[in-house]
Structures are given as structure tokens and as C-alpha cells.
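J.: One structure follows; several queries about it will come next.
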Amino acid sequence: MPHPQAKIHRMYELVEPIATVTLSEVPNEQFLALGMRNYWDGYFAGRAAPLGPVPAEVVHAVFYNFADGEVARHIPWVWGKITPQEAIAVRERGSAAALRQRIGELADSPGLVRVADLATRAAVSAPAEGRALYAGLRALDVPEEPVARLWHAATLLREHRGDGHNAALLAHGIGGTESHVLIALSLGMRAEEFGRIHHLPRAQLAAVVDGLRGRGLVDAAGGFTHASREIKQRIEALTDELAAPAYDVLSADELDELVAELEPIAAAAQAVDD
């Protein structure tokens, strides 16, 4: 039976901080120790590894939200330093260590095994059709150690939702860079102030804003419009709808249990690196 959309969205909020420990200092240091030049080398090596050593164009298409040329600064260079199999192992090891560090005594609590099992059941049951990154991750072995298994499940659920989000953006005619510009404007920021795209050339960002203005999604002053709020709401609703099948395998009581058990873990995982 389908679960309420609010519950599906809450799972997104809880899974996100657990999966994104991958972006923290512990995994980054492990990638740097293996010859990566910077954070982004490790990011692309680790996240793209389940796809195999494919060209930058493929990673760019699957990841969707990077500006032209950004992926090619790292792929395929990283594959001259590390194999995809090694990158998968480093990412899992570093992420599990980072998560264990952040959640402290929760890592050894009896509830963690149960929550890892519930999350994994959902994570490996979602439909993979049309979801290349999720399918690549699904093909990997599920870790046995509970903290690593929870991180892996959270990452599967995050990438499953992400693949669906990209499909929703595509269906609404919103490109990757455009989506970041709209997020910035929805937060009351200018595009060049937004962390994810602030490094792009001003002329490039201005052209994206002009394109959105021509579609009625940015007003004359460079702000959010009623039309852009509507399209953002439709994309978020469709993203939740496409993410929902992952949780069909769980009963309503099991999903409630998963949400409740994830709350303190996600809160601890949300801690910011010093």
C-alpha cells in the first residue's frame, strides 16, 4: 500500500545527512592519500565508480547538475590513479568511519542493526528502470557491518530519489545549472552567491538567468516568480512520488519505526565538520 507523501519526504530529510557523510573530511583524506589532487577528484571517483570507467560525458549526463566541462576536469583522470573497485571500497570505508564518528554511542546501540535492516530492505527493493546511478549501486554487495550497511542503504535511497529528481527536472525543462540558479533565487540569493555555482563565469550565469527570465521563471529584478514557485512545487511533488516505491516493501508500522529510529541518527550525522 502506498505511504503518505509527507512520510516519503520525511525519509528524504532523514536519509540525506546519513548518506552525505561521504562529503566530509574522513573520506576526503582517504582519497587524497591515494593520489587524488583535491576534494572533487575523490567525489567523482567515489560517486561515479559504480558506473565503471565510463567517459566524462556519461557521468555528466547521469549526474545531471554539473556545468559543462566540470566532470571532464576529473574523469577520466582519476582512473589513472585508482580503479573503480578501489574507489568503491575507499568511499564505503571512509563514509562508515565518518558516520560512526558522528553518531557516537548510537553506532553500537541495538536499534542500529534494526534500522539498518529496515533501510536496506527498502533500499534494495526500489525499481531500477531508468535509474542508472541507483542501478550501479544496487549491483554492489551490501556491507555486513551495521554502520556501513546503514550508510549504504541511505546512499541507495538518496541516489534512487536523485535519479527520479533528475527525471522530474528533465520533464519540466529545467537543466542542471538552471536548477541551482532557481534554488539560489528561492533562497533570496543571487546566482553568483550560491555555493554550488558561484565559481562559474558571471557571463554564463547571467545567460542562464536571462533564459529563465524569458520563460517567466525570473522577474525583471532577478527574483523568484509565481510561475517558478509553482514549477518548484510540482518538481518536488513528482520527486517524492517517484521516490515512494522504495518504501512499498515496508508496512506502515515498519515505516513509522524506521522514521522514529532514524531521527536521532540523522540529527547526530548532521554535525558539521570542524
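J.: Just to check, using Stokes-Einstein with a Kirkwood Rh over alpha carbon pairs, what's the diffusion coefficient of segment 64-118 at 25 °C and 0.890 mPa s in µm²/s? All intermediate terms of the calculation are to be shown ahead of the outcome.
T.: Numbers: Rh = 14.1 Å.
Estimated via Stokes-Einstein, D reaches 173 µm²/s.
J.: What whole-number value in Å² describes the accessible area per residue of the chain for a 1.4 Å probe? Show your work: numbers first, answer last.
T.: Numbers: 12710 Å² over 274 residues.
Roughly 46 Å² per residue, with all protein chains present.
J.: Which values of log₁₀ I(q)/I(0), to two decimal places, follow from the Debye formula for segment 165-213 at q = 0.20, 0.28, 0.33 Å⁻¹ with a uniform point scatterer at every Cα?
T.: Calculated log10 I(q)/I(0) at the listed q: -0.62, -1.08, -1.27.
J.: Would you mind calculating the gained length between Leu23 and Val249 on full extension (0.36 nm times residue separation, minus the Cα-Cα distance), in nm to one decimal?
T.: Details: separation 226, 0.36 × 226 = 81.36 nm, distance 2.92 nm.
Net length gain for the segment: 78.4 nm.
J.: Oh, and also: Give the dimensionless ratio obtained when the Cα radius of gyration of segment 163-274 is divided by 2.2 N^0.38 Å.
T.: Working: Rg = 17.6 Å, N = 112, 2.2 N^0.38 = 13.2 Å.
In units of the globular-protein estimate, segment 163-274 measures up at 1.33.
J.: Give the dimensionless ratio obtained when the Cα radius of gyration of segment 83-215 is divided by 2.2 N^0.38 Å.
T.: Working: Rg = 18.8 Å, N = 133, 2.2 N^0.38 = 14.1 Å.
Dividing the Cα Rg of segment 83-215 by 2.2 N^0.38 Å gives 1.34.
J.: Summarise the long-distance tail of P(r) for the chain by giving the % of C-alpha pairs beyond 30 Å. Could the numbers behind the result be given before it?
T.: Numbers: 12043 of 37401 pairs.
More than 30 Å apart: 32 percent of the Cα pairs in the chain.
J.: If you place +1 on the Cβ of every Lys and Arg, -1 on the Cβ of every Asp and Glu, and leave all else neutral, what size is the dipole of segment 159-237 about its Cα centre, to the nearest 20 Debye? Please report the intermediate quantities before stating the final value.
T.: Values: 9 positive and 9 negative charges, 22 e Å.
Roughly 100 debye for segment 159-237.
J.: Ignoring ligands, DNA and RNA, please state the percent of accessible area on segment 1-160 from carbon and sulfur, probe 1.4 Å.
T.: Details: 3920 of 7050 Å².
In segment 1-160, the share of accessible area belonging to carbon and sulfur is 56 percent.
J.: Still on this structure: Please report, to one decimal in angstroms, the Kirkwood hydrodynamic radius of segment 7-140 built from all distinct Cα-Cα pairs. Please report the intermediate quantities before stating the final value.
T.: On the way: mean 1/r = 0.0625 Å⁻¹.
The Cα-based Kirkwood calculation yields 16.0 Å.
J.: Could you tell me which of Ala206, Ala252, Trp77 has its Cα farthest along the dipole of the chain towards the positive end, charges placed at Cβ (Lys, Arg +1; Asp, Glu -1), taken about the Cα centre?
T.: Value: Ala206.
J.: Still on this structure, I have one more. Quantify how much of the Cα-Cα distance distribution of segment 40-92 extends past 15 Å, in percent.
T.: Details: 465 of 1378 pairs.
Across segment 40-92, Cα pairs with separations above 15 Å total 34 percent.
J.: Still on this model: Taking the Cα-to-Cβ direction at Arg73 and at Leu34 and moving 7 Å from each Cα, how far apart do the two end points lie in nm?
T.: My value for the distance between the label points is 2.2 nm.
The values are calculated or read from the model by the stated rules, or taken from the named source; none is laboratory data. Keep in mind the model is a prediction, meaning the values are calculated, not measured. For neighbour counting, all protein chains shown are included, and Cβ atoms are generated from backbone atoms with ideal geometry for every residue, glycine included. Only protein heavy atoms, including side chains, enter the accessible area calculation; ligands, DNA and RNA are left aside. Shrake-Rupley method; radii C 1.70, N 1.55, O 1.52, S 1.80 Å.
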